[in-house]
Amino acid sequence: MRLLASVVTVAWQQGPNGDVNLEKGGDSLPLAISQAYRNAGWWWRPDVGGAAVVSDGVKPCENALPCADAHPARRQTVRAWFAASTHLLGRMVEKQGGRIVTIHCSDYPTSDGVRLPYTEGIDNGAGAKYRLSIRLMSLRFLPEQRVATYAPPKGGAGDFTIAGGATRTTFPFRLRNNHIYADAR
């Protein structure tokens, strides 16, 4: 896991307008490491990707799947159930922020000799209207990428302009109760 933690050093997201948000607080970095661990399939490496994986025996989970706890990131635990007959991942439970998130995995066709879940159901515990169902439509494997490929892009907001093509301007504003108020259109 030391290798993965040394590669994943910052969690980030890029919005539709190009803005890049570096997520520095809370458990965003451990969650990013945990997600990268699962995406890379490091459960199945002989060294389990350096994570601490502890079998919790057989615990009921729909089809009485064997259970394991993986600790791929600092303070981050993923509880996982695997199908006894196929050894495929059936369900994961992970704390994300203040919520317990459950991910059900199913539909494992073989693509280039690899079996990945094409269907995932994600329940963040906030109620039925917030449940998410994801269906992978196609899969293509790329050659190994340089680490820099996953660095946050430079990004920048591209959804605004300043009159006359200027690159900077000055405008009046009012400061009230430590909030900035300005007229804009």
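Out of residues 5 or more away from Thr119 or on other chains, whose amide H comes under 5 Å of its own, with H placed 1.01 Å from N in the peptide plane?
Ser106, Leu136
Residue by residue through the stretch 126-132, which ³J(HN,Hα) values in whole Hz follow from phi under the Karplus form 6.51 cos²θ - 1.76 cosθ + 1.60 (θ = phi - 60°), with glycine and proline marked x?
8, x, 4, 5, 9, 5, 10
Residue-wise, which Karplus ³J(HN,Hα) couplings in Hz belong to the stretch 175-185, taking 6.51 cos²θ - 1.76 cosθ + 1.60, θ = phi - 60°, and x for glycine or proline?
For the stretch 175-185, the Karplus curve yields 9, 10, 6, 6, 10, 8, 10, 9, 8, 8, 8 Hz.
Taking the mean number of other Cβ atoms within 10 Å as a proxy for protection, how do you rank 12-20, 175-183, 35-43 from highest to lowest?
Working: 12-20: 12.0, 175-183: 7.4, 35-43: 17.4.
Result, highest mean Cβ count within 10 Å first: 35-43, 12-20, 175-183.
Only the coordinates and a few stated rules stand behind these numbers; no lab work does. Remember, it's a predicted structure, so these values are computed and weren't measured experimentally. With ideal geometry, Cβ positions are generated from the backbone for all residues, glycine too; neighbour counts draw on all protein chains shown.
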